[in-house]
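Every read-out reported here was derived from the displayed coordinates using simple, explicitly stated rules and does not represent laboratory data. These numbers come from a predicted model, not from an experiment. Ideal geometry is used to build each Cβ from the backbone, glycine not excepted, and the neighbour counts take in all protein chains shown.
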Amino acid sequence: MENILIQAKGIRQCNENIYSQFDIAIMPGTMTSIIGPESADKSIWLKILAGLEDFEGGELELMGKNINSIGRQGWLDSRKKIAYVGTSTALLSVLNIMDNIVTPALYHKQGSTSQLEERALGLLSQIGYTDFQSLQQLPAYVDAEKRYQALLVRAMMLEPKVIFIDNLFSRIGVQAKQMVRTFLENQMQKNNLAVVLNTRNIEFACRYSDTIVFVSPSNMLVFNNENELQQSPDPDVSDFLKNYYMN
């Protein structure tokens, strides 16, 4: 299908303890949540799907092109269309918040400094970052929640077709979670953005995701809704849900 953004067929992690295979197609305007036990290395799966981690076997296509034959220019082009925000992704310590946000877009010639700063302010407002005075400060002097919001806005400045987010909500409070969720939903509706994330929050995954992917060291299953997940006869799924709700 022409509009598939990311497609994985039978790929495996380069880890002898993880022998599940990943098969999935990421479509525009959808949210895909990856859940499962910590032993499944969900963060690694996310990096593999984003084209940032090696894998074994199978095939991975980014924007319709096989990653193994995409070439240097194809790789560079794909990086503008695929955003990734990981748990270790950070702002540059020597640049203030605004410069951190607009510098990648300036590098890729997405507009003038004034144009990009205006666009950044609009996105920051949408995500709930309203302390514009702090945009002139270095990251070290801005709280972690604002830094995380700035990271998400920086990722969106290149107008990606898909964004991968590792452990969504791990660095923000309750009110900011609502703003970030609304921000992502608006981007999905307005720009047909695809969102792929891993999360420890099953309630969030079930309520807002178009696709729920369960991974364990030995298994990978795709569910379309909470009902399918809850009624799965798979013992790995049952054990995971039981442990989740007991804790």
**Top positive-direction residue, dipole computed over the chain with Cβ charges, set Leu121, Ile82, Asn227** = Leu121
**Message:** Could you work out [θ]222 nm for the chain from helices alone, using -39500 (n - 2.57) per DSSP H run of at least four and dividing by all its residues? Round to the nearest 500 deg cm²/dmol.
**Reply:** -12500 deg cm²/dmol
**Complete:** Restricting to aspartates and glutamates and to Cα separations under 14 Å from Lys80, and discarding same-chain partners fewer than 8 apart, the set is Glu159
**Asked** How far, in nm, would the chain grow between Ala140 and Val222 when pulled straight, counting 0.36 nm per residue and subtracting the alpha carbon separation?
**Response** 25.5 nm
**Message:** With +1 assigned to the C-beta of every Lys and Arg and -1 to the C-beta of every Asp and Glu, and no other charges, what is the dipole magnitude of the chain about the Cα centre in debye, to the nearest 20?
**Reply:** 680 debye
**Asked** Between Arg171 and Tyr107, what length comes free when the chain is fully extended (0.36 nm per residue of separation minus the Cα-Cα distance, one decimal in nm)?
**Response** 20.3 nm
**Unit charges at the beta carbon, dipole of the range 138-225: most positive-side option, Ile165, Gln175, Asn191** = Gln175
**Request:** On a 0 to 90° scale, report how tilted helix 97-107 is relative to the longest principal axis of the chain, with both axes built from alpha carbons and the result rounded to the nearest 10.
**Result:** 80 degrees
**Prompt:** For Glu159 and Asp54, what is the calculated FRET efficiency with R₀ set at 30 Å and r taken between the beta-carbons, to the nearest 0.05?
**Reply:** 0.60
**Prompt:** When N counts the residues of the range 88-173, how does its alpha-carbon radius of gyration compare numerically with 2.2 N^0.38 Å, as a ratio?
**Reply:** 1.01
**Message:** Based only on other Cβ atoms within 10 Å, what is the fewest-to-most ordering of Ser209, Ser125, Ser134, Ser69?
**Reply:** Ser69, Ser125, Ser134, Ser209
**Item:** Nearest-ten-degree value, helix 71-81 long axis tilted from longest Cα axis of the chain
**Value:** 80 degrees
**Item:** Length-normalised contact order for the chain - Cα pairs under 8 Å, 6+ apart - percent
**Value:** 29 percent
**Request:** Assign one of three labels to the range 165-247, namely rounded, prolate or oblate, based on the Cα gyration tensor with a ≥ b ≥ c the square roots of its eigenvalues; rounded applies when a/c is under 1.5, prolate when it is not and a/b is larger than b/c, and oblate otherwise.
**Result:** prolate
**Request:** Mind checking the full-extension length gain between Met246 and Asn3? Use 0.36 nm per residue of separation minus the Cα-Cα distance, one decimal, nm.
**Result:** 83.4 nm
**Request:** Rounded to the nearest 10 degrees, what's the angle between the helix 113-127 long axis and the longest principal axis of the chain, both from Cα atoms, 0 to 90?
**Result:** 50 degrees
**Request:** Take Asp143, Asp41, Asp23 and order them by how many other Cβ atoms sit within 10 Å, fewest up front.
**Result:** Asp143, Asp23, Asp41
**Complete:** Projecting the Cα atoms of Cys206, Val153, Ile70 onto the charge dipole of the range 6-246, where Lys and Arg contribute +1 and Asp and Glu -1 at Cβ, the residue farthest towards the positive end is Val153
**Message:** Above 30 Å lies some portion of the pair distances; for the chain, what is it as a whole percent of all C-alpha pairs?
**Reply:** 28 percent
**Prompt:** Between Ala105, Ala120, Ala140, which gets the highest mean-square fluctuation from a Gaussian network model of the chain, Cα cutoff 10 Å?
**Reply:** Ala140
**Message:** Using alpha carbons only, how many angstrom separate the centre of the range 198-245 from the centre of the range 29-72?
**Reply:** 19 Å
